[in-house]
1. (1) of a type in the set (Ser, Thr, Tyr); (2) farther than 23 Å from residue 36 by Cβ; (3) in contact (Cβ under 8 Å) with a residue 40 or more places away in the chain; (4) part of a helix (DSSP H, G or I): which one isn't true of residue 168, the others all being true?
2. Tell me, please, whether a residue that is touching a residue at least 60 places away in the same chain (Cβ under 8 Å), in a helix (DSSP H, G or I) and out of contact with any strand residue (DSSP E or B) (no Cβ under 8 Å at 6 or more places or on another chain) can be found in region 213-228.
3. Here is a list of conditions, (1) out of contact with any Ser or Thr (no Cβ under 9 Å at 6 or more places or on another chain); (2) farther than 22 Å from residue 404 by Cα; (3) modelled with pLDDT of 95 or more, and residue 307 meets all of them except one; can you say which number that is?
4. Would you please list the contacts, defined by Cβ atoms under 6 Å and residues six or more apart or on different chains, that run from a residue in region 335-364 that is within 17 Å of residue 412 (Cα to Cα) to a residue that is modelled with pLDDT under 95 and not small (Gly, Ala, Ser)?
5. Just one of (1) open to solvent by 10 Å² or more (accessible area, probe 1.4 Å); (2) of a type outside the set (Gly, Ala, Ser); (3) out of contact with any strand residue (DSSP E or B) (no Cβ under 6 Å at 6 or more places or on another chain) trips up residue 282, so point out which.
6. Do we have any residue at all in region 77-93 that's small (Gly, Ala, Ser), in contact (Cβ under 8 Å) with a residue 60 or more places away in the chain and within 18 Å of residue 138 (Cβ to Cβ)?
7. Would you pick out the residues in region 9-38 that are open to solvent by less than 30 Å² (accessible area, probe 1.4 Å) and either of a type in the set (Val, Ile, Thr) or closer than 19 Å to residue 79 by Cβ (or both)?
Amino acid sequence: MQLPDGAAALRAQIVAVGTELVTGDTVDTNSAWLAGRLTDLGIDVRGHATVGDHEHELLTVLRAATTGSDVVVVTGGLGPTPDDLTRFAVARLAGVALERRPALVDDIRAYFADRGREMAETNLVQADLPAGAQVIDPVGTAPGFVLRVAGVLLVCLPGVPAEMRQMTERGVVPLLRRHGGLSATVRRTVRTAGIAESTVAERCAELFARLSRTNNTQLAFYSSRGETRVRVTARARDEPAAHALTDPIVAEVVQLLGAAVVGLDDEGVESVIARQLQQRGWTLAVAESITGGGVGARLVSVPGASEWFAGGVIAYATASKPTLAGVPERVLAEHGPVSEETAAALATGVRDRLDADAALAVVGVAGPTTQGRRRVGTVCPAVALPADVVRTRTVRLSPRSRQDLQQFSASVALDYLRRCLAAVQGG
């Protein structure tokens, strides 16, 4: 991606160090966070690499990362143990020796003394930095450092996520701003539900093709938890100019996707439901089976949920449905626990028992086996509204893992509630 005036953005590579990352014992959240933060600064992140705690392999990865890059950010391998090898590999790459920094030695000793802890002498290896490196002040005992190698700015940070993030904000971001060549990147998100990713892409195909011919605005599609998100990204010299590029595109995407749009940016379907209920002055109760509390958890993530969320029940076992929500035994006997009729009875029952204005219920089959004649992936949400209005539907999800089916079912139920409330409100 280029700036509107044709100037190229800084190019960056991210290298995560740690055998635990390579083997999958630990999830690499550092690279994802760094990629987002660098992108916000207008830096073009070209790639990520993950390498184990082996000096030769790390040196090979660093050589590759510095080729064609302006900035390389390395996380991990700065601890005091024998497998912390980043400082050694960087020194070899730069062709310089490690040197012990007396000020860092004092800082490390003071860190342990302040906490009343005995310090192992091996901790002092963290004060050894490549000659010529600039120190990034530590949060714990591991300092970061910056070294220019063959014209590339090499930034090394500890792998502990909290330390890495604080040190990035306090030490790296100001350094990059002084380095120059930065711009502003704005990322906007249009969030949809109840519509397939392929359908979203199809409706936006002409817009996607048009933006593909530009260098500073991009469109991308992401699917998660039964929702599809359209990401609009633009880069410009400053934030107002970037917003001027994204905002018209966001408006166009919203127009193309219509009723499937549930919110923008951080506002998901839960926030829309909160607003719908507050506009009506209604309270909501939920009764969950297949989702096991997932619907309620998403609803209470909205600030101020206590103003409109009355509560809910998890009526998971068939026998608990009459006990917790007053589902008539005859309904269960005639239609089974996974049916629109049972979902409707759950919704009206929990609405009445919690004295709420409206209620959402969801039943379904998460697997691994069918339930009665209902196959795995069958989901039945129901919405009970005032004046004894009850609406139900049946959705058949494609095969997924049990956990995915539960998350998708929560999304299906919440989107159905959103649509039912919108219909009552006339849009």
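The values are calculated or read from the model by the stated rules, or taken from the named source; none is laboratory data. Owing to the predicted nature of the structure, the values given are computational and were not obtained by experimental measurement. Note that we place each Cβ from the backbone using ideal geometry, even for glycine, and neighbour counts take in every protein chain shown. Accessible surface areas use protein heavy atoms only, side chains included; no ligands, DNA or RNA. Shrake-Rupley method; radii C 1.70, N 1.55, O 1.52, S 1.80 Å.
1. (2)
2. First, the residues of region 213-228 that are touching a residue at least 60 places away in the same chain (Cβ under 8 Å): 215-216, 218, 225-227.
Imposing the further condition that a residue be in a helix (DSSP H, G or I) reduces the set to none.
No, region 213-228 has no match at all.
3. (1)
4. Once the first residue is within 17 Å of residue 412 (Cα to Cα) and sits in region 335-364, its partners that are modelled with pLDDT under 95 and not small (Gly, Ala, Ser) give 338/371; 338/374.
5. Going through (1) open to solvent by 10 Å² or more (accessible area, probe 1.4 Å); (2) of a type outside the set (Gly, Ala, Ser); (3) out of contact with any strand residue (DSSP E or B) (no Cβ under 6 Å at 6 or more places or on another chain) one by one, residue 282 breaks only (3).
6. yes
7. Start the filter on region 9-38 by keeping residues that are open to solvent by less than 30 Å² (accessible area, probe 1.4 Å), which leaves 9-10, 12, 14-18, 30-31, 34-36, 38.
Result: 14, 15, 16, 17, 18, 30, 31, 34.
Residue by residue, here is whether (1) modelled with pLDDT of 95 or more; (2) of a type in the set (A, V, I, L, M); (3) out of contact with any Lys or Arg (no Cβ under 8 Å at 6 or more places or on another chain); (4) at negative phi holds:
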site	(1), (2), (3), (4)
31	yes, no, yes, yes
34	yes, yes, yes, yes
44	no, no, no, yes
59	yes, yes, no, yes
73	yes, yes, yes, yes
93	yes, yes, no, yes
99	yes, no, yes, yes
